[in-house]
Each structure stands twice: as C-alpha cells, then as structure tokens.
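The values are calculated or read from the model by the stated rules, or taken from the named source; none is laboratory data. Everything quoted here is computed from the prediction, not taken from an experiment. Here the Cβ positions follow ideal geometry from the backbone for every residue, glycine too, while neighbour counts run over all protein chains shown. Just the protein is used for accessible areas: all its heavy atoms, side chains included, with ligands, DNA and RNA removed. Shrake-Rupley method; radii C 1.70, N 1.55, O 1.52, S 1.80 Å.
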Amino acid sequence: MSFSGKVWPAMTMLKVANCPSCGQVFQKNLRNLCQGCQRAVDADFTACSDYLRKAHKATTSELSEATGVSLRQIHAFIKENKLPATFYPGLTYPCSSCGAGVRKGHLCTSCSVRLTAEIRQMRDKEEKAKERGAGFQIRDRLSY
Ligand SMILES: [Zn+2]
Ligand SMILES: [Zn+2]
C-alpha cells in the first residue's frame, strides 16, 4: 500500500507564520497576530477607549501616559480607525515625512503641499528632457 500522492486536507489548510509582534509561530488568522498578542492589543484598546470615554479630548500622548499603551500602538488604532480621529479631536499620528501630528492621510498639510510641488517639478523636468532629447535626435539625423 502506498501513500504517495495522497493529500491530507487538514495539513494543507494549516498555514503558520511568525507573529509580526512577538515572533512566535502561530496559525495564520485574519488579524495576523498570535493569540497572546491579540489579547494584549484588545486589552490596550479597551484601556484606550475607556480613558477616552472620560477624557474625550485627550491628546495621543496624554492617552499613552494615562493608559501605559505605547504611542505606536495608539497610532495604529487611529490609522485602523478603531479610535477614529474624526471622533476624538485630540488624537493625531505622525506625518510619515516630518513627524508632525496628522489627523488624516499620511502627510501633514505642509509636507503634502511641498511633495505635490516637488512631483510637479520632476514631471516638468522630465517633459523638458524628453523634448530636448527629441530635438537632438532630429538634428543628428539632419547632419548626416
Ligand atoms: Zn505574538
Ligand atoms: Zn509633515
């Protein structure tokens, strides 16, 4: 009797990975965290929302100091919309360029204005380089 080629569905269904938070091997799930870390994150979230119920306008750093939850975790909650910045006026997370407090998107207003201008400049330069490149080609051909 040979087992070759026989597929065990239960074995192929089991997907394991290292927990991105603590590094332990765990069975993959929707939240992409092991059980222990999921519980820790849930406890952090409960602490934050409990505190915000009392202090609705608390800033991110006040919230972190009061609950002991790391700023990084609070920023994640805000970005995941678990603690929506639209609902809690004091909460911000850092601009991914300069670190200033942001309540929407990835960049603060001044960075997004600056980046938009830089991108436009780059495009202009590319356009001009292309035009110049085409001009040279024609001249080269004419000189033959
Ligand atoms: Zn973990
Ligand atoms: Zn910025």
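Observations on the model:
- Heavy-atom accessible area per residue - the stretch 14-95, 1.4 Å, Å²: 62
- Rounded FRET efficiency, nearest 0.05, which uses the C-beta distance separating Glu127 from Arg72 and R0 of 30 Å: 0.15
- In loop segments of the stretch 39-134 as defined by DSSP, the chymotrypsin sites (Phe, Trp or Tyr not before Pro) with at most 12 further C-beta atoms inside 10 Å of their C-beta are Phe87.
- Cross-link partners of Lys104 among lysines (Cα-Cα below 25 Å; sequence separation of 8 or more within a chain): Lys54, Lys57, Lys79, Lys82
- Gain upon complete extension [Arg31, Glu65; 0.36 nm per residue less C-alpha separation]: 9.6 nm
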